[in-house]
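**Student:** Sharing a structure below in structure tokens format, with a few things to ask.
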Amino acid sequence: MSIFISIAAYRDPDLIPTIRDCVAKARWPEELRFSLCWQHGPDEPRPPRLRGRVELIDVPWQVSEGACWARAQCMTLYDGEDWFLQLDSHHRFAQDWDAILIGQAERSGAALPLLTTYGRPFDPATPLPAPMPTSIALHSFRRDGLPVAQCVEQPDWAEDGGPVRARLLSAHLLFAPGRFVADVPYDPELYFYGEEISLAIRAFTHGYDLFHPGVHVLWHQEPRRRTPLHWDDHVVAQQVAVTAAARDAASIAKVRRFLLDPDTGPFGCGTARSFAQYEAWAGVSFRRRYASPAARRGDPAGVPPAAGSAAVKTWAVRIRLDRAALADPALDRPSFWYVGFHDEADVELARVDARPAEISAALATGAGEIVLDRLVHAPHPPRSWTVWPTDRQGRWLGKVSGPADARCVS
């Protein structure tokens with residue numbers, strides 16, 4: 001089965017070793033076809049042709065418009081291959097990596113599987129570290145509201161080796177059916193940051209199911225190389241047409257608009273699933289800058305709503321707590337109470353915490369039962385709730401859980 005490999009390379013001396021290792025480690029090297037956007041200086045070595053299996057978009061570095069622009073250029077050379085694979089220009093590969101990815105995609109059982117993860121880091125100057133599968137966690141949010149993702153090593157996954165449902169996406173390992181090029185084309189107006197979260201949402205809403213490979217596939221170079229990066233070169237002193245700072249500011253503004261007011265179209269959401277379904281399924285809220293504990297840990301996601309299924313619904317849930325079941329510090333000017341709702345697989349669907357004013361009002365009744373009412377936005381009803389109080393210093397106390405009697409209200 002043919003694989004179209006997209007690599008955007010910016011003045012990267014590791015490009016040639018990456019291509020050679022990719023070919024050498026493939027089980028079916030004759031089925032690989034490379035599309036390279038080669039952004040380079042005049043004296044930098046030209047990539048190999050590999051008997052006509054490498055197509056080159058030759059770009060002097062001064063006219064490059066950034067990583068996403070270059071990836072969009074690579075996509076223009078797609079010619080009907082069975083699979084699409086996007087890489088960076090600084091990787092090393094597991095033996096038979098191509099057979100691994102195809103096998104993982106088939107094993108997923110999804111109609112439109114998308115395999116993705118951050119590769120385990122390597123330094124070209126030292127031996128490769130041990131292979132290990134990884135997941136992606138939503139670590140935090142930046143001050144501008146864009147999420148920060150990080151790699152999480154998963155040493156226990158390899159025992160089973162099956163694909164694991166992912167919430168997020170890596171731009172340096174993205175493997176999907178070839179139709180991905182038409183379904184989710186790269187937005188050339190994006191610069192760098194925000195690329196991955198917008199792609200994850202767009203792929204999900206076009207009906208793609210995201211997975212992490214359950215086994216090791218490749219390594220990704222860290223620390224980064226010392227040759228110039230795009231934002232090092234594209235500065236006022238170099239007399240470029242548009243600086244990296246200007247491109248980055250416009251790109252981040254566009255991603256922020258998309259996360260707060262998503263649209264459809266060539267570079268927007270699809271219509272197979274909704275943006276709200278992505279947030280509910282992934283355990284995130286971009287408007288509230290919230291990520292569930294499971295999303296922050298990089299835990300496996302639940303089964304997403306079927307493509308074309310109904311939109312997210314609103315469920316009314318009443319939580320009844322026995323005051324005697326709560327530790328005394330929880331009742332004495334608490335910092336807040338975590339209030340979470342979970343599905344049948346104990347995956348968090350939503351979190352709507354109780355703040356001090358609400359808690360004080362609930363406690364003021366003096367009754368033995370404390371009542372919290374919540375509206376939960378999710379594609380299917382929550383099956384359980386968890387209340388996890390904190391004390392006045394914000395320290396976690398004992399959890400209390402119970403079944404959720406959810407009533408659909410819209």
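**Student:** Got a sec to turn the phi values of segment 119-132 into Karplus ³J(HN,Hα) couplings, 6.51 cos²θ - 1.76 cosθ + 1.60 with θ = phi - 60°, whole Hz, x for Gly and Pro?
**Tutor:** Each residue of segment 119-132 in turn: x, 5, x, 9, 10, x, 7, 10, x, 5, x, 4, x, 6 Hz.
**Student:** So what's the back-of-envelope 222 nm ellipticity for the chain, counting only DSSP H runs of four-plus at -39500 (n - 2.57) apiece and dividing by all residues, rounded to 500?
**Tutor:** -6000 deg cm²/dmol
**Student:** Take the alpha carbon atoms of segment 275-346, find their center, do the same for segment 358-380, and report the distance between the two centers in whole angstrom.
**Tutor:** For segment 275-346 versus segment 358-380, the Cα centre distance is 15 Å.
**Student:** Let me ask something else. Multiplying the sequence separation of ARG49 and GLU344 by 0.36 nm and subtracting their Cα-Cα distance, what value in nm do you get?
**Tutor:** Stretched fully, the ARG49-GLU344 segment lengthens by 101.0 nm.
**Student:** Follow-up question, since we're still on this one. Let me spell out the model: positive unit charges on the Cβ of Lys and Arg, negative unit charges on the Cβ of Asp and Glu, origin at the Cα centre of the chain. What dipole size does that give, in debye rounded to 20? The partial results should precede the final answer.
**Tutor:** On the way: 45 positive and 50 negative charges, 185 e Å.
Result for the chain is approximately 880 debye, rounded to the nearest 20.
**Student:** Moving to a separate point now. Nearest 20 debye, what's the magnitude of the dipole of segment 328-394 about its Cα centre given +1 on Lys and Arg Cβ and -1 on Asp and Glu Cβ?
**Tutor:** 200 debye
**Student:** Next up: Whole-Hz Karplus ³J(HN,Hα) for segment 172-189, in order, using 6.51 cos²θ - 1.76 cosθ + 1.60 and θ = phi - 60°, x for Gly and Pro?
**Tutor:** 9, 8, 9, 10, 8, x, x, 5, 3, 4, 7, 6, 10, x, 5, 7, x, 7
**Student:** Can you sort MET75, MET132 by solvent-accessible area, 1.4 Å probe, largest first?
**Tutor:** From most accessible down to least: MET132, MET75.
**Student:** While we're looking at this one, here's another question. Report the label-to-label distance for ALA306 and GLU358 in nanometres (one decimal), using points 7 Å from each Cα along the Cα→Cβ vector.
**Tutor:** Placing both labels 7 Å along Cα→Cβ, they lie 3.4 nm apart.
**Student:** Say the dipole of segment 7-50 comes from +1 at the beta carbon of Lys and Arg and -1 at that of Asp and Glu; which of PRO47, ILE7, TRP28 then lies farthest toward its positive end?
**Tutor:** The one lying farthest along the dipole's positive direction is TRP28.
**Student:** Would you mind checking which residues have amide H under 5 Å from LEU218's amide H? H placed 1.01 Å from N; only 5 or more apart, or other chain.
**Tutor:** ALA94, ARG120
**Student:** Report for segment 24-155 the percent antiparallel among DSSP-assigned beta bridges with both residues inside it, nearest 5.
**Tutor:** The antiparallel fraction comes to roughly 50 percent.
**Student:** As a test of reading the structure, rank ASP98, ASP144, ASP328 by solvent-accessible area (1.4 Å probe, protein chains only), most first.
**Tutor:** The ordering from most to least exposed comes out as ASP328, ASP144, ASP98.
**Student:** Among ALA249, GLY207, THR264, pick out the residue whose Cα is farthest towards the positive end of the charge dipole of segment 190-290, where Lys and Arg carry +1 and Asp and Glu carry -1 on C-beta, about the Cα centre.
**Tutor:** ALA249
**Student:** Which percent, nearest 5, of DSSP beta bridges in the chain are antiparallel? Don't skip to the end; give the middle numbers.
**Tutor:** Working: 48 of 75 bridges.
About 65 percent, rounded to the nearest 5.
**Student:** Express the accessible area of segment 124-236 per residue in Å², computed with a 1.4 Å probe while the remaining protein chains stay in the model.
**Tutor:** 39 Å²
**Student:** Another one. Can you give the charge dipole size of segment 150-280 about its Cα centre, rounded to the nearest 20 debye, using +1 on the beta carbon of Lys and Arg and -1 on the beta carbon of Asp and Glu?
**Tutor:** Once rounded to the nearest 20, the dipole reads 280 debye.
**Student:** What accessible surface, in Å², does a 1.4 Å probe find on THR271, ignoring ligands, DNA and RNA and rounding to the nearest 10?
**Tutor:** 130 Å²
**Student:** Express in Å², to the nearest 10, the accessible area of LYS25 obtained by rolling a 1.4 Å probe over the protein heavy atoms while all chains stay in place.
**Tutor:** That residue has around 50 Å² of solvent-accessible surface.
**Student:** Please state, as a whole number in µm²/s, the translational diffusion coefficient that the Stokes-Einstein equation yields for segment 31-103 at 37 °C and 0.692 mPa s, with Rh defined as the Kirkwood radius across alpha carbon pairs.
**Tutor:** 237 µm²/s
**Student:** Write down Rg/Rh for segment 159-310, rounded to two decimals, with Rg from the C-alpha atoms and Rh from the Kirkwood relation over Cα pairs.
**Tutor:** Computed over Cα atoms, the ratio is 1.00.
**Student:** Moving on to the next point. Once amide H atoms are placed 1.01 Å from N in the peptide plane, what residues at a sequence separation of 5 or more from VAL164, or on another chain, have their amide H within under 5 Å of its amide H?
**Tutor:** Amide H neighbours of VAL164: HIS212, GLY214.
**Student:** Residue by residue through segment 327-334, which ³J(HN,Hα) values in whole Hz follow from phi under the Karplus form 6.51 cos²θ - 1.76 cosθ + 1.60 (θ = phi - 60°), with glycine and proline marked x?
**Tutor:** Taking θ as phi minus 60°, the curve returns 5, 3, x, 5, 9, 10, 6, x Hz for segment 327-334.
**Student:** Taking the full set of protein chains and a 1.4 angstrom probe, give the accessible area of ARG323 in square angstrom, rounded to the nearest 10.
**Tutor:** My reading of the accessible area for ARG323 is about 60 Å².
**Student:** Tally up the carbon and sulfur contribution to the accessible surface of the chain as a whole percent, 1.4 Å probe, everything protein left in place.
**Tutor:** With neighbouring chains kept in place, the figure for the chain is 52 percent.
**Student:** Next up: Could you tell me which helices of the chain pass both thresholds, a Cα extent of 18 Å or more along their own axis and a mean Kyte-Doolittle hydropathy of at least -1.0, with helices taken as whole DSSP H runs?
**Tutor:** Helices meeting the criterion: 244-260.
**Student:** Below 8 Å between Cα atoms, with a sequence gap of 6+, how large is the relative contact order for the chain in percent?
**Tutor:** 15 percent
**Student:** Amide H neighbours of TYR290 under 5 Å, counting only residues 5+ apart in sequence or on other chains, H built in-plane at 1.01 Å?
**Tutor:** The list, which skips near neighbours in sequence, is SER285.
**Student:** Express the accessible area of segment 263-410 per residue in Å², computed with a 1.4 Å probe while the remaining protein chains stay in the model.
**Tutor:** 49 Å²
The values are calculated or read from the model by the stated rules, or taken from the named source; none is laboratory data. Computed from a prediction, not measured in an experiment: that's the story for all the values here. So basically every Cβ, Gly included, is an ideal-geometry build from the backbone, and we count neighbours across all protein chains shown. Heads up: the accessible areas ignore ligands, DNA and RNA and are worked out on the full protein's heavy atoms, side chains in. Shrake-Rupley method; radii C 1.70, N 1.55, O 1.52, S 1.80 Å.
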